[in-house]
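The values are calculated or read from the model by the stated rules, or taken from the named source; none is laboratory data. What you see is a predicted model; the values in this text were computed from it and never measured. Here the Cβ positions follow ideal geometry from the backbone for every residue, glycine too, while neighbour counts run over all protein chains shown.
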Amino acid sequence: MTLEELRQQIDDLDRQLVELLSLRAKAALEAGRMKVATSLPIYEPARERTIYENIRAANRGPLPDIELTHIYERIIDVMRTLQKNELARMRNARTESSSHDGGAQTPETGNNR
């Protein structure tokens with residue numbers, strides 16, 4: 001294989017990685033929404049440990065486990081930030097919504113909408 005062919009292969013793989021990371025981000029956003037709905041924390045150390053165990057078990061090289069773990073630490077950090085930003089966006093939308101209706105209370109609960 002020529003250097004140009006290898007570079008083309010790398011470019012193709014990068015596009016696949018971007019697609020997979022986008023799918024992972026969508027799943028993380030949905031998980032974040034579920035966490036909010038069920039009052040679970042965004043940061044869950046036990047879940048992260050499970051992810052690291054899973055990726056090390058799946059690793060067949062040539063990346064050493066520690067390097068693959070470093071990559072996933074960054075991926076998880078970005079996904080957690082994405083979840084936190086979504087949570088903030090949802091809170092802001094609720095705040096804006098309640099300020100537009102004059103803070104009216106719902107008849108069923110007496111709570112602000």
Leading residue by the ranking (nearest to Ile42 (Cα to Cα)) among those in region 85-113 that are surrounded by 13 or more Cβ atoms within 10 Å (Cβ to Cβ) and modelled with pLDDT of 80 or more:
Leu87
Could you run through region 32-50 and say how many residues are over 12 Å from Arg80 (Cα atoms) and either among the aliphatic types (A, V, I, L, M) or touching a residue at least 60 places away in the same chain (Cβ under 8 Å) (or both)?
5
Log entry, pairs with first residue in region 6-31 being on the phi < 0 side of the Ramachandran plot, second being basic (Lys, Arg) and surrounded by 10 or more Cβ atoms within 10 Å (Cβ to Cβ), beta carbons closer than 9 Å, six or more apart or on different chains, reads Ala28/Arg80
Which residues, taken from region 24-59, are exposed (fewer than 13 other Cβ atoms within 10 Å of the Cβ), hydroxyl-bearing (Ser, Thr, Tyr) and not in a loop (DSSP other than H, G, I, E, B)?
Thr50
Qualifying positions in region 41-90 - more than 20 Å from Lys26 (Cβ to Cβ) and of a type in the set (Lys, Arg):
Arg49, Arg56, Arg60
